[in-house]
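The values are calculated or read from the model by the stated rules, or taken from the named source; none is laboratory data. None of the values given here were measured: they were computed from a predicted structure. Here the Cβ is made from the backbone with ideal geometry for all residues, glycine too, and neighbour counts use every protein chain on show.
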Amino acid sequence: MVLKEKRKIERFELKVFSKIKLEPAWDYTDTIELNTKNVSSKGAYFKTLKPLPLGTSVSMTMKLKVNNNLKSTINLVAIEVTGKVIRSENEGMAILFDNGFKMLPLGNKPKKKKL
């Protein structure tokens, strides 16, 4: 039996470094650092052995490398978004993004010196 994909938004298998900040009311570490397993315009899935409870509100910062062939000197950006845990399983969790986000330049990566 072949399962039909129900999602209307395309997901991309991307490992994106993310810092997830929890609402202050939860009794967890303030910030969790994880890589995404996959990302869409509506949310992200994270593999973790310690998923957050269903309904947990979070704010996230995801770091992305941008095309360095552009004339801009910036090659790293941070995307800030808020969301909520909509699925929590033994091996991971899905976070649905709220509408709206901020995209901020992080500057250049230092170039490695040739010896």
Report task. Could you please find all residues in region 28-41 being surrounded by fewer than 15 Cβ atoms within 10 Å (Cβ to Cβ) and not aromatic (Phe, Trp, Tyr)? Result -> THR29, ASP30, THR31, GLU33, ASN35, SER41
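Okay, residues lined up against (1) assigned to a loop (DSSP other than H, G, I, E, B); (2) under 16 Å from LYS42 (Cβ atoms); (3) modelled with pLDDT under 95; (4) of a type in the set (Lys, Arg):
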| residue | (1), (2), (3), (4) |
| --- | --- |
| SER59 | no, no, yes, no |
| LYS63 | no, no, yes, yes |
| ASN69 | yes, no, yes, no |
| ILE74 | yes, no, yes, no |
| LYS84 | no, yes, no, yes |
| ARG87 | no, yes, no, yes |
| ILE95 | no, yes, no, no |
| LEU106 | no, no, yes, no |
| LYS113 | yes, no, yes, yes |
Query raised in the report: Being modelled with pLDDT of 85 or more, assigned to a strand (DSSP E or B), of a type in the set (A, V, I, L, M, F, W, C) and exposed (fewer than 13 other Cβ atoms within 10 Å of the Cβ), is that true of even one residue in region 7-15?
Result: yes
